[in-house]
Each structure stands twice: as C-alpha cells, then as structure tokens.
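Colleague: Dropping a structure here in structure tokens format, bear with me for questions.
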Amino acid sequence: MADIESWKKTGIVGGTFNPIHMGHLLLGQWAMEEAGLDGVAFIPTGSSYMKDRSEILPGEKRLAMTKLAVSGNDRFCCLDLEMKREGNTYTYETLQELHSMYPGTRLYFIVGADCLFSIENWYRPESIFQHCSLLAASRNGTPMETLEQKRRELEKRYGADILLLSFPNMEISSTEIRRRLAHGRSIQYLVPDPVREYIERNHCYERI
C-alpha cells in the first residue's frame, strides 16, 4: 500500500486516462528512477477545459481503471482530488491542494517535453511553477538543444525548476486503444490486464 504521507519527493502524473495505458505507467516508473522519487501519484482529470468531452468516460470509470492500473506497485498511488472538484479542472489548483495536504513532500509534475511549449497557455502557469518542479520527458524526437533552450527561457521568466529526461518513444495512445476497441481488436499488452478486464466487463469504448 502506497503511503504518500511518508514520501519526501512525490511525482505527479495527471491526465484524462481514457483509458490509462502502459505508456503512462512506464513514464511514471522512468521518471521515478531518473529523478530519485519516493513514489508517483496518478491523478485522473475531472472535467478538463482543454478536452473534447464527447468521447471521455465518466470520471468514476476512469478512476476505477487508474486504481486497477497502479495496484500492483507499492510506489504508485491514485488520487481522486480532481474527481471531487466541481467545474473545470485546473492543474494549478491540484498542485496547491497537494501542497497543503502533504507539506512534507516536494512535488514533481511529470509531463511530456512537448508541454514545455504549451504550458504558458495553461491557466495560471506561474502558480504551477511555484508549487512544483517539472520533469519533462523527451519522447517525440524533439532535439535536446531545442528543449534546453525552452527550459532556460521558462526558468528565466518564471523561476521554474525543470529537469529534462530522455524517455523511449512509445507509440501507445488512448486514442488508438479506443479505436481498436471500437473495431473489436485486442488491446492486450497495451494496458494492464486488470484494466483490460474492466473494459471488457463494462463494455467500454465499443462505439466511438
């Protein structure tokens, strides 16, 4: 059982998780080892203001799948903060809440490195940088020198603390998983077996 209250360095992986897949879990594990984190909390998005909600499963189902996905790793946990919050979900609010709930831990927000080029368009980016360090995983072939230039720019503008991580490029996406399910194709090895069994049992994503 994960004990986030005892962690001194906590990674955060947020996302719609529609559904959560092996790429999400590997990102968490990779960042944890590279940055020396004590554990990683996976937080399914509540109501994202940046997503088309028409294909997104209800929050309780995405939360259930995320809990199943992390259940086999005692250094992973799943938090339902964003599910409990009414209205749109904002990352800065989640980080503020975590900072208040777990004052003894340092927060590391784990993202794909492409987010470095969009995070300034997120709501209140200055608050995001204030409440966490950013672990940005390069996974799409963007040259490291380009990422390094953007890192320095954000550090100068916001006082951000950003660590660049090299991450293997994995061609797994929730969109592709949903497409395969809609066409009756297997998703074995793309998601953890308990997640696959939940999807099959509840007939999720059979039409898109």
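Colleague: Please name whichever of Val40, Val70, Leu164 sits farthest to the positive end of the charge dipole of the chain, dipole taken about the Cα centre and charges placed at Cβ: Lys and Arg +1, Asp and Glu -1.
Modeller: Comparing the listed Cα positions along the dipole, Val70 ranks first.
Colleague: Let me ask another. Taking the square root of 5 times each eigenvalue of the Cα gyration tensor, what semi-axes in Å does the equivalent ellipsoid of the chain have, largest first?
Modeller: After diagonalising the Cα gyration tensor, the semi-axes are 27, 19, 17 Å.
Colleague: How large is the dipole of the chain about the Cα centre if only Lys and Arg carry +1 and Asp and Glu carry -1, each at its Cβ, rounded to the nearest 20 debye?
Modeller: 360
Colleague: Sticking with this one: Count charges around Asp114 for me, please; just the other residues with Cβ under 11 Å from its Cβ, Lys/Arg as +1, Asp/Glu as -1.
Modeller: So the environment of Asp114 carries a net charge of +2.
Colleague: Relative contact order for the chain: what percent, with Cα pairs under 8 Å and sequence separation of 6 or more?
Modeller: With pairs under 8 Å counted, the relative contact order is 23 percent.
Colleague: How much accessible area does Cys204 have with a 1.4 Å probe, in Å² rounded to the nearest 10?
Modeller: The accessible area comes out at roughly 10 Å².
The values are calculated or read from the model by the stated rules, or taken from the named source; none is laboratory data. Keep in mind it's a predicted model, so treat the numbers as computed, not measured. Cβ atoms come from the backbone with ideal geometry, glycine included; neighbour counts cover every protein chain shown. Quick note on the areas: whole protein, heavy atoms, side chains included, nothing else; ligands and nucleic acids left out. Shrake-Rupley method; radii C 1.70, N 1.55, O 1.52, S 1.80 Å.
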